[in-house]
1. Which of the residues that make up region 23-62 are part of a loop (DSSP other than H, G, I, E, B), open to solvent by 40 Å² or more (accessible area, probe 1.4 Å) and closer than 23 Å to ILE300 by Cα?
2. Taking the options LEU281, LEU322, name whichever one is aliphatic (A, V, I, L, M), at pLDDT 95 or above, more than 30 Å from ARG107 (Cα to Cα) and not in a strand (DSSP E or B).
3. Considering only region 96-110, state which residues are small (Gly, Ala, Ser) and in contact (Cβ under 8 Å) with a residue 24 or more places away in the chain.
4. Say whether the condition of being crowded, with 20+ Cβ neighbours inside 10 Å and modelled with pLDDT of 95 or more is met by at least one residue in region 231-240.
5. Among the numbered criteria (1) aromatic (Phe, Trp, Tyr); (2) modelled with pLDDT of 90 or more; (3) open to solvent by 50 Å² or more (accessible area, probe 1.4 Å), which single criterion is violated by PHE212?
6. Of all residues in region 63-73 being outside any loop (DSSP other than H, G, I, E, B) and either out of contact with any Gly (no Cβ under 7 Å at 6 or more places or on another chain) or among the charged types (D, E, K, R) (or both), which is most open to solvent (accessible area, probe 1.4 Å)?
7. Hey, does region 277-286 have a residue that's touching a residue at least 24 places away in the same chain (Cβ under 8 Å) and either surrounded by fewer than 17 Cβ atoms within 10 Å (Cβ to Cβ) or under 17 Å from the mean Cα position of the chain (by Cα) (or both)?
8. Given region 94-177, what strands (runs of 3 or more DSSP E) lie entirely inside it while holding 3 or more residues that are open to solvent by 60 Å² or more (accessible area, probe 1.4 Å) and modelled with pLDDT of 90 or more?
Amino acid sequence: MNDTGNKNRAVESECGPFHLSQLRGAQSIVFTKAPYLLSAASVAGSKEAQGPLGKCFDLTNEDDLFGAETWEEAESNMQKEACVLALGKSHVDPKSVRYLFGGDLLRQGIATSMGVEDLQIPIFGLYGACSTSGEALALAAMSVAAGYGDYMLAVTSSHFGSAEKEFRFPLGYANQRPLSAHWTVTASGAFLVGSHLNKIHSDKQHQRKSQFRHIRIAGVTIGKIVDFGLKDSQNMGACMAPAATDTIYRNFQDLGRTQEDYDQIITGDLGYIGQSILFDLMKSRGYDIRKKHMDCGMTIFDQETQDTHAGGSGCGCAASTLASYILPKLENGEWRKILFVPTGALMSTVSFNEGASVPGIAHAIMIEHC
């Protein structure tokens, strides 16, 4: 059923009327009862700790192995720690979480499956490349808004060591990186999404149970796969920028908005090259977002002192930046409304070796101070 023109239309089914009042345009949802972001946690590596956001992360480690013997196990340890921290900030037991939405960049999502195994939360394993934090948050928010549970957990991660081994060369190879290349962020971000603040703040004894008390997910715009035929996996910003453009433009069209309706439009990891392409593509569609735009990949590292070339990337880039830097600004009211748009380059080692193009994906999450 694609007809979303009548916002109050109800479709009869065997179970009764299903209301489409939350659907907007072709790809967006505005929640009638917006779910809340109750808490978030970020875990990051040594290079990230030395960057501009170093003091914002909940936990950093000078040892990027995080006490493990392999990069993959280290990434799993980061995810588990991020989940435990996020749950702890709101004093929510894992048994109270209905579903967990999580993913990573590794084959078969092993960083997630091995990382959250001990929590024993029913899980949906996701893959959206570096857009996975947006995918996880969208599904968590949609599930809470639909009444499928009071608490949902969204988590993702990336690790420089495991990503280099998976997609490029083992670190010991010491290959030269082109200036268009990104630096995979070693970090994890976890988010607890809840149905209602009053369930936590119902009495004086539980007044301080939630880390955030003023943040809600107002809606989402789910992105489509966009492929401009680019094949350079070392220039992911160029591969992802068209998808970011498509999703941001669709959000504007579906909701009748412009860049002026947001305090910030925040992409995941387009980097310096991808940002310039995004600006040009949005300008061609009639929107100038230069003064409103922020990119997590350009924020998490210092380009001049940390030698990260085009900027940061990886699932953990947008997730850890959102948890550590962006959400506190929304909580204190510095920003009232943002469009969070994690971006992903949809490739694998097989597709790259076979000469396939690298399509992009981007999902937009509307997050507000309330």
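1. GLN50, PRO52, LYS55, CYS56, ASP58, ASN61, GLU62
2. LEU281
3. SER96, GLY102, GLY103
4. Checked against the condition, which is being crowded, with 20+ Cβ neighbours inside 10 Å and modelled with pLDDT of 95 or more, region 231-240 yields no hits at all.
5. Of (1) aromatic (Phe, Trp, Tyr); (2) modelled with pLDDT of 90 or more; (3) open to solvent by 50 Å² or more (accessible area, probe 1.4 Å), only one is false for PHE212: (3).
6. The residue in question is GLU73.
7. yes
8. Filter on region 94-177 gives 123-126.
The values are calculated or read from the model by the stated rules, or taken from the named source; none is laboratory data. Note that the coordinates shown come from a computational prediction; the quantities given were computed from them, not determined experimentally. Neighbour counts are summed over all protein chains in view; Cβ atoms, including those assigned to glycine, are modelled from backbone coordinates with ideal geometry. Remember, those area values only see protein heavy atoms, side chains included, never the ligands or the DNA or RNA. Shrake-Rupley method; radii C 1.70, N 1.55, O 1.52, S 1.80 Å.
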